[in-house]
1. Residue by residue through segment 144-168, note down the ones that are in contact with a helix residue (DSSP H, G or I) (Cβ under 9 Å, 6 or more places away or on another chain) and not in a helix (DSSP H, G or I).
2. Return the residue satisfying two criteria in turn: it lies in segment 364-378 and is of a type in the set (S, T, Y) and in a loop (DSSP other than H, G, I, E, B), and of such residues it is nearest to H345 (Cα to Cα).
3. Tell me, yes or no, whether segment 383-391 has at least one residue that is among the small types (G, A, S), buried (at least 24 other Cβ atoms within 10 Å of the Cβ) and not assigned by TED's automatic domain parsing to the domain that holds I164.
4. Which of the residues spanning segment 183-212 are in contact (Cβ under 8 Å) with a residue 40 or more places away in the chain, surrounded by fewer than 19 Cβ atoms within 10 Å (Cβ to Cβ) and over 24 Å from I120 (Cβ atoms)?
5. In segment 334-341, is there at least one residue being part of a helix (DSSP H, G or I), surrounded by 24 or more Cβ atoms within 10 Å (Cβ to Cβ), touching a residue at least 12 places away in the same chain (Cβ under 8 Å) and out of contact with any strand residue (DSSP E or B) (no Cβ under 8 Å at 6 or more places or on another chain)?
6. On the basis of being over 26 Å from F180 (Cα atoms) and without any contact (Cβ under 8 Å) to a residue 12 or more places away in the chain, does E62 make the cut?
7. Looking for whichever is part of a strand (DSSP E or B) and over 14 Å from the mean Cα position of the chain (by Cα) here; the options are L381, L325, L397. Which one fits?
8. Condition first: over 25 Å from G330 (Cα atoms), under 22 Å from the mean Cα position of the chain (by Cα) and not in a loop (DSSP other than H, G, I, E, B). Now tell me which residues in segment 256-304 satisfy that.
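The values are calculated or read from the model by the stated rules, or taken from the named source; none is laboratory data. Everything quoted here is computed from the prediction, not taken from an experiment. When we count neighbours, we look across all protein chains shown, and the Cβ atoms used for this are built from the backbone with ideal geometry, even at glycine.
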Amino acid sequence: MNKKRPVILGYDVVSPLGVEMDDQWERASRGESGIGVLTRFPLTEGFPVKIAGQVAEINLKEYPFLASRDMALWTSPIFRYALLVVRRALEKSGIEITKALAPRVAITFSSAVGGLDAVIRADRLWVADGKLPHPFTNANSCINMVGGKVSIMTGATGPITSTITACATGSTSLTVGAMFLELGMADVAICGAVDFPLVETILGGFATMNGAYKPKEGQAEGPPEKASRPFSVNRRGFVVSEGAGCIILARREFAEAHGLSPKIEMKGWAMTSDAHHFVAPNLGTVTRCIAESIAHAGLQPEDMDAVNAHGTSTRIGDRVEGDALGDVFGGRIPPVSANKSQVGHAMGASSAVELILAMEGMVRETLLPTINYKPDPEIALDCVSEGARSLAQEFVLKNAFGFGGCNACIVLRRLG
């Protein structure tokens, strides 16, 4: 086994908790929620989704590169938020993509939903007014165009690909980036994901497939911040949200040669496919993904200090994840943080956002809480429900499971 695993040089994130890293961490550690009333579009009577995790607008005066004439053509919000987190993550990483380095920088930054909002908007204009689509409509909707725009902005000319695995997209982006590095195809990889799916058609679709949160029949809506309840006995589906996260990955030799001191190592990873159902997870292959990621790291289950869960707040999804953790860890499951309780489900971006929160927690020796938690007697987990917990963490397991049976698990190690 290769003992020199890739290291993480920098990261940046936007989520319903804010657009600045420190602000988001402070809110998360206080146990606050980013879920609120849905305001992305006017709610019509009878529309089934009324709450969401919305990301605040960017102050373009602070980021003039996002206010250029060219950026006005990229109408889907995925582009400006993707470029924002990539730019800031690179600044934090301490590297500069020079002409000499550019061919050795890979891009796996991706999206699960992409810019469908641009196509939907164009379709409505066509139906209502017979107006032909804007010439950038198709470009906005191409999922791989997110990575393309990252390449254009950064100058990176190494391998580029879009890893699309539904809700696991952020994690598979990091895994494919690590593979590029271990194969010697690159020295640095720009990884992560972005999704801004708060569009009527998309939200309505999640509602009709019984995935999106809805209150129990006959009960009032309740406060939006109480709606996302992973692993809880009263969970009622996921809260759809927005977000973006970028993680800069590098070969350890590269970091050492450039005098960089990474704090986190990507110790192990695994991916499996369920071959089971288009949305319902399969216990056997989920369990195998968790076990194989730990084995790939050269570790044993008892070495894990904490788990950052997928934890969507769905009945079957949470149950399968809880059972899988029980199968792998037996009666010694580490404490489990479910960040979606605070930020909702940002689709493909969710695992990127959560990976970053997990890494920040490792550096700060703090486990974020799972808020709104009421124990489910059928899922025996320590969900850190009392609030943020002080805990030194050398090894953390991150789970991500996507529609179509796409599973991706990563083991992180704190260095030093």
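1. G155, A156, T157, G158, P159, I160, T161, S162, T163, I164, T165
2. In this case the residue turns out to be T370.
3. no
4. Once the filter is applied, which keeps residues that are in contact (Cβ under 8 Å) with a residue 40 or more places away in the chain, surrounded by fewer than 19 Cβ atoms within 10 Å (Cβ to Cβ) and over 24 Å from I120 (Cβ atoms), segment 183-212 yields only M185.
5. Within segment 334-341, one or more residues are part of a helix (DSSP H, G or I), surrounded by 24 or more Cβ atoms within 10 Å (Cβ to Cβ), touching a residue at least 12 places away in the same chain (Cβ under 8 Å) and out of contact with any strand residue (DSSP E or B) (no Cβ under 8 Å at 6 or more places or on another chain).
6. Criteria met by E62.
7. L397
8. I264, E265, listed by residue number.
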